[in-house]
Each structure stands twice: as C-alpha cells, then as structure tokens.
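The structure under discussion appears below in the form of structure tokens.
The values are calculated or read from the model by the stated rules, or taken from the named source; none is laboratory data. Model, not experiment: these values are computed from the prediction. Backbone-built Cβ (ideal geometry, glycine too); neighbour counts: all protein chains shown.
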Amino acid sequence: MSDMADTGKDFIREIVAEDFRSNKYGGSVVTRFPPEPNGCLHIGHAKAICLDFGIAAEGNGVCHLRFDDTNPVAEETEYVEAIKEDVHWLGWNWGEHLYYASDYFEQLYEYAVKLIKIGKAYVCALSVEEFKEYRGVPTRPGKESPSRNRSVKENLDLFERMRAGEFKDGEYVLRAKIDMSSPNLHMRDPAIYRIKHARHHRTGDRWCIYPMYDFAHCLSDAIENITHSLCTLEFEVHRPLYDWILQAVEMPEPRPRQIEFARLNLSYTVMSKRKLLQLVRAGYVSGWDDPRMPTLAGMRRRGYTAEAIRVFLQRIGITKVDGITDIALLEHCVREELNRTAPRVMAVLDPVKVVIENYPEDLEENMEAVNNPEDLSAGTRQVPFSRELYIEREDFRENPPGKFYRLAPGREVRLRYAYYITCASVIKDENGRIVEIRCIYDPNTRGGDSPDGRKVKGTLHWVSARHAVKAEARIYDRLFTKEIPEDVEEGDDYLKNFNFNSLVTATCMIEPSLQGAKPGDRFQFERKGYFCVDVVESREGALVFNQIVPLRDSWAKIEKTH
RNA sequence: UGCCGGAUGGUGUAAUGGUAGCACAACAGACUCUGGAUCUGUUUGUCUAGGUUCAAAUCCUAGUCCGGCAACCA
C-alpha cells in the first residue's frame, strides 16, 4: 500500500485509499474490467483497463477480467480472444480471475426468482411499444403496467415458463418493481430479463432468457466480491438501480461501489464501437487492426508501444470532466519513448538521384554511423557509400526560399556520416522534372567533418544507389480531417470528415542493414520519423514499413507560415 | 419544462480556505553531423454575479453554459 498517500492522485484513487484506511472492505481492493465481447478494444478501453488493473496493483489487490456476455446476438468468441490479447499486450494480468457473466446465469436466475418472491419483480406482458409509452418521458411520470400487480404465484409460473421456452421473443419481460414516477427513467420498473431465442457463444442453447446489463452487472460484481466497480459517466444514472438491486436481493455488506469517470475522447478520431465497425464494414479502413484505427490492435500494428500508451493515459489522468484530449499528446509520448529506444537508420522516402562527378566510379566506402545518439551502447554500423546516391527530393531546391538550408545549386551540404558535397548542376527530363543532381564532393571531409573547420548548414540523409534496398513505406495521417469528426452540418455525418489522405504509400530506398528487419521491429528513419515493420503484410525481400509517427518538423512549420 | 453530472490558459490536469503549478501545443532563442533530441525563455487560465472570511479556484446563494439519461444494448 505504498502508493496510498493522500495527494497527487485522482478522485477514484482517493476513494479507494479512504476505504482502505477505514477498513471498509477489510483491506482488500478488487476491481474488474468488464468488456462486452462484441468488438475490438480501443484506447478508450485502455484508459479503463489501466485504471482497473492499475488501482488493483497499487493496492496489492486483484483485477478480474470479466466478459459481460449477456446479449447473445451481439457477442462472439473471436472477440474474447482478441480482447485477452489486447489486455496482455498492455501489460496486465488477470491471473486465474477470468470470468464470464454467463457463468452466473443460474445464480442470476435464482436472484430474479428471489425478487419475484418478495414482490419486487413481475412478469410484464406489454409490447415494446407499450413499454415505451408506459415509461413516460423525463418530464412526465410513467404509468403502471397492467401486469404490475400480478400475484407472486403467477409471476413465478410465468417466469419459469419464460425460461422453459414457452413464449416467443418479446412476448414477456421480467421487470423490477420500483417506481413508475421516478424522475430517473432507469428506476421506472426496468426490464431485467428478456426472452431471446438465440444461441449464446458459451451457453449454447441452454437459455432462451437473458438478464439485462443492469441486473447482471451489479450482481456479478457482488458475486465476485468486487469492491470498486469503475465505469464511465453515462452509467451515472444507472447507479441508483445498481444499488437498489443489491439491496433488494439482500446482498451482504459491504457491497461493491460504482464510481464513474469520464471516457477518453481523442481529437481527429472516433471512439465508438459502432463507428469503428462502420469504418471497417464500409471499407474506409482495412480492418479493426488498420494502423490508422484507435483500436489497440491498430495501434499495435502501427508500432505504438504499450509503454507509450500507459504513459499517455497516466498523463491525462482520471476526472469526471467530459473533454477531448489532443492526439498530439499521445504522439508526443510515442516519440518520447522511441527517441530513447529506436535505432537510427537512413531511408529515402521520395528518392532523387545524386551523382558525385569527382567520386571514382568503382569505389565503395563504408561509413561508420551511430545507431542511437541517445544510447551509445547501441553501437555503430557501417553504411556503404558510392558515386551514385539517393537523397530526398524535398531536400533539393533549385530556387531555395529563405531559411532553406539544404541542397541547392552551388550550395554545399553534408551527407550524414559521409562527405560534404556541392551541387554543380541538375538534369531534367522533358517535363522539367529533376532526374539527377550532379555534385562535387570534398574528399577531405570524410566522415562528415571538414578539417578546415568550415561549417555547413544542412545535413542530408542518403542511401547508396548501388546498395539500396527497395521497400514500401506507408505514411499515415490522422483518420479524420476535423478535430471533432462528429461536428458536422445538419444532415451530414462524421464520415464526411474522413481523411482520404490518411494513408499514402511510397516506394522508398532503404540502407542495406535494414534487409534483415523483422516484423514488429521499430526504427527511426533519420530526419523523417519512426517506422515499424508491418506484422501482417511485410515479407522478406518485400519489406513494408508503417510510419508510427513522424519526427517533429520545424522546417515544415517555417515553410507553411511563409 | 424533469433528473444526474460537469465547468481552472488552445488542450489535458494540479492546488482539498493560505504564492494558481505541471504536461502537451504555440512562439522566441541557444546548441546540434537528424531543421530530431536537448536547454533557456515567452504568451495564454479559475464560467458570471453576489455573499462568508484577514484570506476563496476551493465554502454558501442565484444564474449561465456544456454533457448524459426516454434499447426487451452494454
């Protein structure tokens, strides 16, 4: 309990610390992460995961992974496995505490019977439409269902027959008997069991009635002796029902306590499962694991590290304020880690040829390059150099604007770890496009330093043409063009703000040391950005690199504002 | 017009009656064999109006604005 100091923690950790101090739960902390297996996890879920598992870890407690699988029509086993993988990848372990709400179906049924027996639940025959009508609206009380005063005996009989499959979907529903005039809609006799003749991914055809979230969740928490049940703000209005059910079935105290926090919203992306699914289904992206997606699978494939995500989540904190976090902060956290850890290599994303006129045709030299200036223990490597090279097309300007200090006619620059070169002339094709830049090198500057001490403003990365390896680079941009994609005119929807330039594919030239790169390996392409070998489509001899995040680019900024 | 939340720089947060701080972003400069990294500095904030108090972001009152809630979804 070392981290249970009073300050510097979010309001939930303070509550947990206070409960620990007062010994409310006998000194134990038990949390749970309760995903519904109907889609992939995204970074918003990661916020909940790190909170649930983090609090448990800090309090020497445990966090359960519980699949909230109470709706058989939406849920699938494949998502169960994907979710487990994501939670593990994020760095958390549930140990033996893997549960399913469906494991409790029998117990839940018994609790429902108990509610009926004490007159706190009834079988209602209202149709869906009538149900809605009877519920009323927020500003007006609802009215009681004609079924409300059915006898206990009759309720018991009907509920049993519901379970036995005597009725069709929607014919009956079990409702908690609470208060049809409550200002809280969720307390107006909410449905707690419905009939669904559907095959469940774990219980098969054993059941044709399934508990509703509000009924199953609080009871599952109580069954598992959860102490703190953390969820997002939209469940705030459900809390009175959560407490009511536990009280009604006389769950022993201390009972689990639901606490709500604000979900994560990130700029330039969407976070709802529905929208994410739509992007997948409509082909805007290649799948749940498309590297542009805010899903954990997507981010992992993109090359984001779990550590960077955890640091990011820690920095944004936990509050009840519903806001939008700047995705730049996430990107910053990724760069911060990769700057420390990623080996540097040279790769030219948009190549143009440079010919060094005074460099011998058949000469080859190996230049020593530092693998990571932030970590000298990463050592050095040899990079082959020769007369013909590739440099980045944008690193040359025929008419350089002010503050541009890369290559231009008559100008001298440094080739990183190699020589100073001066541009002598350019060769263009019939369309005026530059096909070759002719340069002169200074043999005395080998390694990149000039013995006479003369300085050069620009340093360019390069790849020897003869030794270059061709590869595919996928350059990603934000998924949407607007900070808040949903912010549209009447009649439009968020898809209108989809960024069709969010994926640009380039054929690049990479240094030969990259030839043995393995799927998942991360590098910094010097002066460009961090890249990760794609785990799905990269092949030996046909490497595919995903841009994780570009380097900060102050030249681009200067150019934009001038 | 109902109920439940929330409001601190552009963004995310801290300060729990006692100097409004941190991070990101932005801007300026230093340094640099990555226009990266690093370093230094700058700009920008307590929703409003009253009240309590020696002292209010914090407590009280009244407003304003924003979000959520009317699936047999979770």
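Data table
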read-out	value
Subset of the stretch A:329-344 (residues that are touching a residue at least 60 places away in the same chain (Cβ under 8 Å) and either under 19 Å from A:D86 (Cβ atoms) or within 10 Å of RNA strand B (Cβ to nearest atom) (or both))	A:L330, A:E331, A:V334, A:R335, A:L338, A:N339, A:A342, A:P343, A:R344
Count - residues of the stretch A:199-240 that are closer than 22 Å to A:F53 by Cβ, β-branched (V, I, T) and assigned to a strand (DSSP E or B)	1
Single residue of A:P256, A:P211, A:P294 found to be surrounded by 17 or more Cβ atoms within 10 Å (Cβ to Cβ), within 16 Å of RNA strand B (Cβ to nearest atom), in the same structural domain as A:R310 (by TED's automatic domain parsing) and not aromatic (F, W, Y)	A:P294
Selection status of A:D243, in contact (Cβ under 8 Å) with a residue 12 or more places away in the chain, in the same structural domain as A:K24 (by TED's automatic domain parsing) and surrounded by fewer than 19 Cβ atoms within 10 Å (Cβ to Cβ)	yes
First in the stretch A:279-292 and touching a residue at least 60 places away in the same chain (Cβ under 8 Å), second anywhere and surrounded by fewer than 17 Cβ atoms within 10 Å (Cβ to Cβ) and of a type in the set (D, E), Cβ under 9 Å, 6 or more apart	A:R292/A:D477
Single match in A:V549, A:V536 (criterion: away from RNA strand B (no atom under 16 Å from the Cβ) and either loosely packed, with under 14 Cβ neighbours inside 10 Å or at pLDDT 95 or above (or both))	A:V536
Failed item in (1) at pLDDT below 95; (2) of a type in the set (A, V, I, L, M, F, W, C); (3) surrounded by 20 or more Cβ atoms within 10 Å (Cβ to Cβ), with A:F53 passing the rest	(1)
Tally of residues being more than 9 Å from RNA strand B (Cβ to nearest atom) and either free of Cβ contacts under 8 Å to residues at least 12 places away in the same chain or touching a helix residue (DSSP H, G or I) at 6+ places or on another chain (Cβ under 6 Å) (or both) across the stretch A:176-186	2
Subset tally (residues that are touching a Ser or Thr at 6+ places or on another chain (Cβ under 9 Å) and more than 10 Å from RNA strand B (Cβ to nearest atom)) for the stretch A:388-420	7
Among the residues listed as A:A198, A:A248, A:A216, the single one being small (G, A, S), in contact (Cβ under 8 Å) with a residue 24 or more places away in the chain, within 8 Å of RNA strand B (Cβ to nearest atom) and over 21 Å from A:A56 (Cβ atoms)	A:A216
A:Y134 within 30 Å of A:V62 (Cα to Cα) and within 16 Å of RNA strand B (Cβ to nearest atom)	no
Hits in the stretch A:46-58 (condition: within 20 Å of A:T227 (Cα to Cα) and under 16 Å from the mean Cα position of the chain (by Cα))	A:K47, A:A48, A:I49, A:C50, A:L51
Single residue of the stretch A:87-106 satisfying the filter (surrounded by 20 or more Cβ atoms within 10 Å (Cβ to Cβ) and assigned to a helix (DSSP H, G or I)) that is farthest from RNA strand B (Cβ to nearest atom)	A:V87
Check on A:R416, modelled with pLDDT of 95 or more, of a type outside the set (D, E), in contact with a His (Cβ under 6 Å, 6 or more places away or on another chain) and surrounded by 14 or more Cβ atoms within 10 Å (Cβ to Cβ)	yes
Sole residue being without any contact (Cβ under 8 Å) to a residue 24 or more places away in the chain and either more than 14 Å from RNA strand B (Cβ to nearest atom) or within 29 Å of A:R300 (Cα to Cα) (or both), chosen from A:K24, A:K84	A:K84
Boolean, A:E337 is surrounded by 14 or more Cβ atoms within 10 Å (Cβ to Cβ), assigned by TED's automatic domain parsing to the domain that holds A:G303, touching a Ser or Thr at 6+ places or on another chain (Cβ under 7 Å) and over 20 Å from A:G458 (Cβ atoms)	yes
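This table checks each residue for (1) within 28 Å of the chain's Cα centre (by Cα); (2) surrounded by fewer than 16 Cβ atoms within 10 Å (Cβ to Cβ); (3) on the phi > 0 side of the Ramachandran plot.
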| site | (1), (2), (3) |
| --- | --- |
| A:Y441 | no, no, no |
| A:G453 | no, yes, yes |
| A:D492 | yes, yes, no |
| A:S502 | yes, no, no |
| A:I510 | no, no, no |
| A:G520 | yes, yes, yes |
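Residues are listed down the side, and each one gets a yes or a no for (1) small (G, A, S); (2) within 12 Å of RNA strand B (Cβ to nearest atom):
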site	(1), (2)
A:T70	no, yes
A:E76	no, no
A:E130	no, yes
A:T139	no, yes
A:S145	yes, yes
A:F167	no, yes
A:L174	no, yes
